[in-house]
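Visitor: Right, I'll just put the structure down here and ask away after.
The values are calculated or read from the model by the stated rules, or taken from the named source; none is laboratory data. Keep in mind that this is a model prediction, so the values were computed, not measured. No Cβ is skipped: glycine too gets one built from the backbone with ideal geometry, and neighbour counts run over all protein chains shown.
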Amino acid sequence: MARMRNVCLFLCAFSTTMFMSGGSVNAQPPAKKAVIERSPLLKEPTTPEEMFAAALLTYDLARPDLAAQYLEQFDATSPDDSMLIKLRDKHGTAEFLKLAASPELQPRSKKLLESLNNAARKQAEDPQYVDSLIQRLTQGPTERDLAIAELKNAGARVVLEMIKQMSKAEMIDQQDAFVVALARMGNQVVAPLLGALDSPEPRIRAAVIDTLGWLDASEAIPHLWSPAFDEHQPPGVTAAARRALTKLLKNSGKQLSSVTASNELKRLAKLLYRSPELLPVDERGAVNLWAWSDKEGTVVERSLTPEIASLFLSTRFARQSLALSPEQPDPQRQYLASLLGLEVLRQGWDAPRSAAPGSAMYLGLTAGEETMSKVLEEALDAGRATTAVAALEVLSQIGTREQLVSTGVLKSPVVAALNSTDPRVQFAAATTILKLDPSKPFTGANRVVGILSRAITDSQQSRAIVIDADNRRASSTAGFLRDGGLLAYVASSGRDGFEQAALTTGVELIVVHVNCQRWDLTQTLANLRADARTASIPIAIYGQGKMRNEVARAVARNAPATFVAESATSSDFLDQALPFVKSLKTPALSPQERTLQKNAAAYWLAMIGNGSLSKIFDISQAEKEIGAAVEDPGIAQNALIGLAGIGTPSAQRRLSDVALNSQVEENIRQIAANQLAYHIQHYGLMLTNDEVFDLHSGWKNTDNPTVKSALASVIGSLRPNATVVSERLRQFPPQRAN
């Protein structure tokens, strides 16, 4: 009401000012624009308090131009923290938020809000300030009410100092005063109070639970199941938690029992594990959680990514469920799965994973093959690449060949991981399979060599397939995708697009037009999802915007999938498509990860080419990639060994080329020559006469003794006739007696 009286007063003043400014009756009236731009204030503000009040008033009068002017004047006074706190106490934080949300007043209004938040944080974390307010809580109703009002204005961060003071032994008699103050501060204290549920002091936990009940904080329900039914909790905490649950659940129909509690906690753990997007985020996309700190003796606020926050909460609820139902396998697996994923994210993707005692990996080793296999299966289903990679690494150490056997509709999770949309999971699956040392062929074995071959040569360029019968539209769409960083290939039919997607490594998106031909849309989608090589690749169905509802069922049935409306610009198309793709991806491989994968892939390709694994894995499909990899000094040796396991003329020719190339390092030429000799002995001579002649010439003209010796083994493998042998023997210098 006071604000409205001020508005009316200033409107009257504005009218009076306008009448007086008209001058004589015959004077030319001012232009309409000039009238609108006049300030409605009786007098211009001169102090910072007046400038800020003027900004608020003129903004309420729908004059953002004047509000921006007064806000600029206020900002020019360089208001300190005490001034900002004074204005907050007078006008309220909501007024600062209102100005910050106005595009016309940004960025100055946003910076002002940040300054206020910083000032409020300093004040709330000042022990002397909070202590002075706490002392006033017991100095009579008037002082108590004033202190609570100031605490409320100080915001949620003041709770950490209140909890610290409340935890002191000498404050036991004042606990009720603390609880009343916290309850009257409103819902802003709920988040830090949830963190205080982990206080080592039972009376603090009980008081916090009572406060949450009085605040009617329904968001506290998930956090109350454990204290309500965990037999290790003190009776006072248990009683408080059950009272609060009874009140907060109201008429939900849930029966309060340890079984209900365990099931609810298990459900929450699984939900957060699968859906991190359910957590609220701030403007930076971070999740803010309050947690107990033994070091600080109170709660502290942590800013986490949604992925880490969801896994952290999932581990918490799964562990609590496990405590209530220790023999149930579901919470056991969920706890282990969340721990593994959380460990990978906290350490970083490119950090080497260790199974040292105390780590989640170590725990996984002790859980056994059956449990870890189920953990992997559920991680693939939930799209949790972090857990999947860790589970595969554990299974590579404790698993058996039986992990590769699929029975009926039950597919081996290790083999299924080969078709994950995440390249890290694919690679971990391929190397795990090889470490399990399979003794007979199995469904999906053909994917292993393809994944390894990509790792040794691919620059990790993301690829896409565009399936559209309209060449012009398809080319435009491919261009949009290239602008977004995806190397796009065009297919004019559903059949061709399917074949390209199945045979091309690194495809991260398939874009299909609704009017797809030679397989229509339905058939194309069905075949893409039926083939293991393409079953998990994200699909974007695109067409005119009005088609969205018509293909909604197709999108739902072929997840991961989305609809993208046809666009005239790449920015419009990418704004629709890229968020979908990015939501399904983990961070790009770091240079260190790429190097490790490349070295491991080269090693395993060499093992396949030079051993019994070649009976199961067809290394010849990777000949092109292996042939190119021999030019990489870091993996050339293993690439040459792998190439020697491919019984083709082109592989033999490539080995010869490397052995004869004077620009290649000496040790690489030596290895190439040795592998060439092995190749000829194993598969027979496949070189042409001209190539054999070049081989002889290279051997004769090579001065390097190491390379010459290695090439000699090749010459010997050509099975020279008696005449040639005689000539070579006679060219050898005669021996002396000395």
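Visitor: Which ones in the stretch 426-443 are buried (at least 20 other Cβ atoms within 10 Å of the Cβ), within 19 Å of THR534 (Cα to Cα) and touching a Ser or Thr at 6+ places or on another chain (Cβ under 9 Å)?
Guide: Selection gives GLN426, ALA428, ALA429.
Visitor: Would you tally the residues in the stretch 637-660 being surrounded by fewer than 22 Cβ atoms within 10 Å (Cβ to Cβ), within 23 Å of THR702 (Cα to Cα) and small (Gly, Ala, Ser)? Working first, answer last.
Guide: In the first step, residues of the stretch 637-660 are kept if they are surrounded by fewer than 22 Cβ atoms within 10 Å (Cβ to Cβ); the result is 637, 647-650, 653, 657.
The next check asks that each one be within 23 Å of THR702 (Cα to Cα); those that pass are 637, 653, 657.
In the following step, the residues that additionally are small (Gly, Ala, Ser) were identified as none.
Total satisfying the criteria: 0.
Visitor: Next question, about the same structure. When LYS582 is evaluated against the numbered criteria (1) assigned to a helix (DSSP H, G or I); (2) closer than 30 Å to ILE456 by Cβ; (3) among the charged types (D, E, K, R); (4) over 23 Å from the mean Cα position of the chain (by Cα), which criterion, by number, is the only one it fails?
Guide: Result: LYS582 fails condition (4) only.
Visitor: If SER662 passes every condition in (1) closer than 19 Å to VAL714 by Cβ; (2) in a helix (DSSP H, G or I) but one, which one does it miss?
Guide: (2)
Visitor: With surrounded by 17 or more Cβ atoms within 10 Å (Cβ to Cβ), in contact (Cβ under 8 Å) with a residue 60 or more places away in the chain, out of contact with any helix residue (DSSP H, G or I) (no Cβ under 6 Å at 6 or more places or on another chain) and not hydrophobic (A, V, I, L, M, F, W, C) as the only criterion, which of THR421, THR386 stands out? Walk me through it before giving the result.
Guide: On the way: THR386 fails: out of contact with any helix residue (DSSP H, G or I) (no Cβ under 6 Å at 6 or more places or on another chain).
Selected residue: THR421, the only one of THR421, THR386 that is surrounded by 17 or more Cβ atoms within 10 Å (Cβ to Cβ), in contact (Cβ under 8 Å) with a residue 60 or more places away in the chain, out of contact with any helix residue (DSSP H, G or I) (no Cβ under 6 Å at 6 or more places or on another chain) and not hydrophobic (A, V, I, L, M, F, W, C).
Visitor: Return the pairs, sorted by first residue and then second, in which the second residue is β-branched (Val, Ile, Thr) and outside any helix (DSSP H, G or I), the first residue lies in the stretch 689-716 and is without any contact (Cβ under 8 Å) to a residue 12 or more places away in the chain and within 16 Å of ALA672 (Cβ to Cβ), the beta carbons are less than 6 Å apart, and the residues are 6+ apart or on different chains.
Guide: From residues that are without any contact (Cβ under 8 Å) to a residue 12 or more places away in the chain and within 16 Å of ALA672 (Cβ to Cβ), the pairs are LYS708/THR702.
Visitor: Hey, can you tell me all the residues within the stretch 347-371 that are assigned to a helix (DSSP H, G or I), within 24 Å of the chain's Cα centre (by Cα) and at pLDDT below 95?
Guide: GLN347
Visitor: Given the options GLU264, GLU307, name the one that is in contact with a Pro (Cβ under 6 Å, 6 or more places away or on another chain) and acidic (Asp, Glu). Write out each step before concluding.
Guide: Values: GLU264 fails: in contact with a Pro (Cβ under 6 Å, 6 or more places away or on another chain).
Matching residue, one of GLU264, GLU307: GLU307.
Visitor: I'm trying to understand the selection: among the residues of the stretch 560-571, which are in a helix (DSSP H, G or I) and surrounded by fewer than 14 Cβ atoms within 10 Å (Cβ to Cβ)? Even if it seems obvious, please write down each step before you answer.
Guide: Just the residues of the stretch 560-571 that are in a helix (DSSP H, G or I), to begin with: 570-571.
The answer is SER571, and nothing else.
Visitor: Anything in the stretch 506-559 that is part of a loop (DSSP other than H, G, I, E, B), of a type in the set (Lys, Arg) and either at positive phi or surrounded by fewer than 16 Cβ atoms within 10 Å (Cβ to Cβ) (or both)? List them, or say none.
Guide: So the first thing to find is which residues in the stretch 506-559 are part of a loop (DSSP other than H, G, I, E, B), and the list is 506, 514-520, 531-538, 544, 548-551, 558-559.
Going one step further and asking which of them are of a type in the set (Lys, Arg), we end up with 518, 533, 548.
Within the stretch 506-559, ARG518, ARG548 meet the criteria.
Conditions tested, residue by residue: (1) part of a helix (DSSP H, G or I); (2) modelled with pLDDT of 85 or more; (3) in the same structural domain as ALA156 (by TED's automatic domain parsing).
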site: TYR59; (1), (2), (3): yes, yes, no
site: ALA68; (1), (2), (3): yes, yes, no
site: LEU84; (1), (2), (3): yes, yes, no
site: ARG88; (1), (2), (3): yes, no, no
site: LEU99; (1), (2), (3): yes, yes, no
site: LYS110; (1), (2), (3): yes, yes, no
site: TYR129; (1), (2), (3): yes, no, yes
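Visitor: Report yes if some residue within the stretch 665-679 is of a type in the set (Val, Ile, Thr) and either in contact with a Gly (Cβ under 8 Å, 6 or more places away or on another chain) or at positive phi (or both); otherwise report no. Full working, then the answer.
Guide: At the first step, the residues of the stretch 665-679 found to be of a type in the set (Val, Ile, Thr) are 668, 671.
Imposing the further condition that a residue be either in contact with a Gly (Cβ under 8 Å, 6 or more places away or on another chain) or at positive phi (or both) reduces the set to none.
Checking the stretch 665-679: not a single residue is of a type in the set (Val, Ile, Thr) and either in contact with a Gly (Cβ under 8 Å, 6 or more places away or on another chain) or at positive phi (or both).
Visitor: Given the residues ALA391, ALA430, ALA469, ALA474, which is the only one that is within 22 Å of VAL581 (Cβ to Cβ) and in contact (Cβ under 8 Å) with a residue 12 or more places away in the chain? Show your work before the answer.
Guide: On the way: ALA391 fails: within 22 Å of VAL581 (Cβ to Cβ); ALA430 fails: within 22 Å of VAL581 (Cβ to Cβ); ALA469 fails: within 22 Å of VAL581 (Cβ to Cβ).
On inspection, the qualifying residue turns out to be ALA474.
Visitor: Could you tell me which residue of the stretch 585-616 is surrounded by the most Cβ atoms within 10 Å (Cβ to Cβ), considering only residues that are outside any helix (DSSP H, G or I) and either of a type in the set (Ser, Thr, Tyr) or at positive phi (or both)? Before the answer, list the steps.
Guide: In the first step, residues of the stretch 585-616 are kept if they are outside any helix (DSSP H, G or I); the result is 585-590, 610-611, 616.
So of that shortlist, the ones also either of a type in the set (Ser, Thr, Tyr) or at positive phi (or both) come out as 586, 590.
Values: THR586: 19, SER590: 13.
Ranking the qualifying residues of the stretch 585-616, first place goes to THR586.
Visitor: Answer yes or no as to whether ASP496 is closer than 30 Å to TRP349 by Cα and free of Cβ contacts under 8 Å to residues at least 40 places away in the same chain. Quick ask: steps written out before the conclusion?
Guide: Numbers: closer than 30 Å to TRP349 by Cα: no; free of Cβ contacts under 8 Å to residues at least 40 places away in the same chain: yes.
No; evaluated as a whole, the condition is false for this residue.
Visitor: Still on this structure, please answer the following. Restricting to the stretch 483-505, name every residue that is of a type outside the set (D, E, K, R), surrounded by fewer than 21 Cβ atoms within 10 Å (Cβ to Cβ), more than 23 Å from the chain's Cα centre (by Cα) and closer than 15 Å to ALA535 by Cα.
Guide: Of everything in the stretch 483-505, those that are of a type outside the set (D, E, K, R), surrounded by fewer than 21 Cβ atoms within 10 Å (Cβ to Cβ), more than 23 Å from the chain's Cα centre (by Cα) and closer than 15 Å to ALA535 by Cα turn out to be GLN500, ALA502, LEU503, THR504.
Visitor: Quick check on the stretch 260-286: of everything there that is surrounded by fewer than 13 Cβ atoms within 10 Å (Cβ to Cβ) and without any contact (Cβ under 8 Å) to a residue 24 or more places away in the chain, which residue is farthest from LEU336 (Cα to Cα)?
Guide: This residue is GLU283.
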